[in-house]
Amino acid sequence: MPHLHIEKFKDIEYPQVENEVTFNFIAINSNHDDEKLISVSVEDEDFFLLVKDEKGKSLLKSDKLTRPASIYNVHRALLAYAKLAKLNVISSNVPEYQKNVHLQEVNALKKIEFFASAFPNDKEVRIEVGFGSGRHLLHQAVNNPDILFIGIEIHRPSIEQVLKQVSIQGLDNLLVLDYDARLFMELVPSNIVGKVYVHFPVPWDKKPHRRVISTSFIEEVRRVLKRSGTLELRTDSEKYYAYSYETFIAFNKTILHINKNRDIAISSKYEDRWKKMQKNIYDVTMINEEESPALFIEGDFQFRKFTGLLDNIIKLHATTQRFEDRFIHFERVYTLKNGLMLRLSMGSFDRPEHTYVIIDGDSVSYYQDLPLKSKSNIIAHTFLDKVLNG
């Protein structure tokens, strides 16, 4: 992750602009004033820079929750703030170079709002969850030009590697998204996906709740798949294979194909390495035979005017409120010049939404974007609105 180690953090007046980077406001952790967030706008992206005071120095880096699609914009923001505040930089891994020409030319990297506002459905869609090096995803896109491929990944170097290849190979049927695949699947229209690939997911043996494959994920995949569409799991972990098989077979009606050490047209560098180590590779393919009802989610994310007390909101720090089979966890509370900001996780337990909420006077709003419009998030928002107003 790009960062600057600085001798001492220096604040500025807000808002200010430096090198076409706008610094909007600062938020200070109400319980730990050694942590601050700086709101940044670059091009069409809004995100936070995180300041952490350490012994004898401070760390300035991007905030994980709001990190923008373009890592180049993070570099610009870090360097611009250092220049504007006249910071003494001790060490840095931020390159002072121009944006890669291939990344300038490509527009395949999309935000979640692109899919939420008007999901592309004029052709068959195939989705790969966690594409890693991108070998399989790129191979499929090249060999199936009439199919739209959506690759989901959170590892930035992998994302930029694939975007570079999209530019070099001139692919117009491949889109890339940095987002939680479990949440993404909730907004995909029903019956439009031909295949969902989950190749070599992280096993999460010590944190099974973080696994991609789960009952709720399979339910969403069954909904979005066309008739005869498939979910293809490929793993080198015998434990993950056994867990996944049990999860699949627990459904009242399911069709599964099981393969062991099956060769496919293209393999990742990790798979090549595992084969040399003579590790077993397991494939579980679920075939969908049913047509699902159209996706319909009612509700919105509007807040009422804030009528509560700010002191009561500050007390929500580090508390969790549960309702039905969902929750809201108030991770942190930040003070603003004219109000407060909350960092939240909310919704369902197995695929929560992470977001910020700003209270400014009697106005309440999400930052930087609205939560994903899912049933769980709509219900959580309604409960949150009640909590904020006492």
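Just need a number here: residues in the range 44-53 that are among the charged types (D, E, K, R) and either in contact (Cβ under 8 Å) with a residue 24 or more places away in the chain or not assigned by TED's automatic domain parsing to the domain that holds GLU13 (or both). Walk me through it before giving the result.
As a first pass, look at the range 44-53 and keep what is among the charged types (D, E, K, R): 44-46, 52-53.
With the extra rule that they be either in contact (Cβ under 8 Å) with a residue 24 or more places away in the chain or not assigned by TED's automatic domain parsing to the domain that holds GLU13 (or both), the set shrinks to 45-46, 53.
Residues flagged as among the charged types (D, E, K, R) and either in contact (Cβ under 8 Å) with a residue 24 or more places away in the chain or not assigned by TED's automatic domain parsing to the domain that holds GLU13 (or both) within the range 44-53 amount to 3.
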*State all residues of the range 141-161 that are touching a residue at least 40 places away in the same chain (Cβ under 8 Å) and surrounded by 21 or more Cβ atoms within 10 Å (Cβ to Cβ); if no residue qualifies, say none.*
ILE159
*Mind checking which residues of the range 331-390 are under 16 Å from ILE26 (Cα atoms), of a type in the set (Lys, Arg) and part of a loop (DSSP other than H, G, I, E, B)?*
LYS337
*Any idea how many residues of the range 274-296 are outside any loop (DSSP other than H, G, I, E, B), touching a residue at least 24 places away in the same chain (Cβ under 8 Å) and farther than 20 Å from THR247 by Cα?*
1
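The rows are residues; the columns are (1) in contact (Cβ under 8 Å) with a residue 40 or more places away in the chain; (2) in the same structural domain as GLU160 (by TED's automatic domain parsing); (3) basic (Lys, Arg).
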| site | (1), (2), (3) |
| --- | --- |
| LYS10 | yes, no, yes |
| GLN16 | yes, no, no |
| HIS32 | no, no, no |
| VAL42 | no, no, no |
| THR66 | yes, no, no |
| SER70 | no, no, no |
| ALA77 | yes, no, no |
| ALA80 | yes, no, no |
| LYS86 | yes, no, yes |
*Single unsatisfied condition, ILE359 versus (1) at pLDDT 90 or above; (2) out of contact with any strand residue (DSSP E or B) (no Cβ under 8 Å at 6 or more places or on another chain)*: (2)
*Which of the residues that make up the range 341-356 are crowded, with 21+ Cβ neighbours inside 10 Å and either over 29 Å from THR215 (Cβ atoms) or of a type in the set (Phe, Trp, Tyr) (or both)?*
MET341, LEU342, TYR356
*Filter result for the condition that a residue is aromatic (Phe, Trp, Tyr) and under 30 Å from TYR245 (Cβ atoms), over PHE306, PHE327, PHE301*: PHE327
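Of all residues in the range 303-347, which are polar (S, T, N, Q) and touching a strand residue (DSSP E or B) at 6+ places or on another chain (Cβ under 9 Å)? Walk me through how you get there before you give the answer.
Here is the first cut: in the range 303-347, the ones polar (S, T, N, Q) are 307, 312, 319-321, 335, 338, 345.
Those that are polar (S, T, N, Q) and touching a strand residue (DSSP E or B) at 6+ places or on another chain (Cβ under 9 Å): THR319, THR320, GLN321, THR335, ASN338, SER345.
Residues of the range 332-374 being touching a residue at least 24 places away in the same chain (Cβ under 8 Å), small (Gly, Ala, Ser) and farther than 19 Å from ILE297 by Cβ, which ones?
Quick first cut of the range 332-374, residues touching a residue at least 24 places away in the same chain (Cβ under 8 Å) only: 332-337, 339-344, 346-357, 359-374.
This time we only want the ones that are small (Gly, Ala, Ser), so: 339, 347-348, 361, 363, 365, 374.
Correct list: GLY339, GLY361, SER363, SER365.
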*Those residues that are surrounded by fewer than 16 Cβ atoms within 10 Å (Cβ to Cβ) and touching a Lys or Arg at 6+ places or on another chain (Cβ under 6 Å), I need them from the range 357-384; list them, please.*
ASP362
*asked:* If a residue must be surrounded by 18 or more Cβ atoms within 10 Å (Cβ to Cβ) and β-branched (Val, Ile, Thr), how many such residues does the range 82-96 contain?
replied: 1
*Can ALA69 be described as small (Gly, Ala, Ser) and either farther than 24 Å from TYR366 by Cβ or not in a loop (DSSP other than H, G, I, E, B) (or both)?*
no
_If the requirement is being over 29 Å from SER158 (Cα atoms) and not in a strand (DSSP E or B), which of these qualifies: LYS10, LYS64?_
LYS10
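Evaluate the following for PHE131: is it crowded, with 21+ Cβ neighbours inside 10 Å and either without any contact (Cβ under 8 Å) to a residue 60 or more places away in the chain or out of contact with any Lys or Arg (no Cβ under 9 Å at 6 or more places or on another chain) (or both)?
Values: crowded, with 21+ Cβ neighbours inside 10 Å: yes; either without any contact (Cβ under 8 Å) to a residue 60 or more places away in the chain or out of contact with any Lys or Arg (no Cβ under 9 Å at 6 or more places or on another chain) (or both): yes.
For PHE131, the condition - crowded, with 21+ Cβ neighbours inside 10 Å and either without any contact (Cβ under 8 Å) to a residue 60 or more places away in the chain or out of contact with any Lys or Arg (no Cβ under 9 Å at 6 or more places or on another chain) (or both) - is met.
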*Filter the range 148-207 down to residues that are under 23 Å from LEU295 (Cβ atoms) and hydroxyl-bearing (Ser, Thr, Tyr) and give me whichever is nearest to the chain's Cα centre (by Cα).*
TYR179
_Residue match in the range 84-106 (condition: in a helix (DSSP H, G or I), among the hydrophobic types (A, V, I, L, M, F, W, C) and at pLDDT 95 or above)_ = yes
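Within the range 219-245, work out how many residues are over 19 Å from SER190 (Cβ atoms) and crowded, with 21+ Cβ neighbours inside 10 Å.
Within the range 219-245, the first condition is being over 19 Å from SER190 (Cβ atoms), and the residues that meet it are 232-245.
Remaining after also requiring crowded, with 21+ Cβ neighbours inside 10 Å: 233-235, 240-241, 244.
Counting residues in the range 219-245 that are over 19 Å from SER190 (Cβ atoms) and crowded, with 21+ Cβ neighbours inside 10 Å gives 6.
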*Assess whether SER216 counts as being surrounded by fewer than 21 Cβ atoms within 10 Å (Cβ to Cβ), outside any loop (DSSP other than H, G, I, E, B) and over 14 Å from the mean Cα position of the chain (by Cα).*
yes
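The values are calculated or read from the model by the stated rules, or taken from the named source; none is laboratory data. All values derive from a computational prediction rather than experimental measurement. Positions of Cβ are generated from backbone atoms using ideal geometry, with glycine treated the same way; all protein chains shown enter the neighbour counts.
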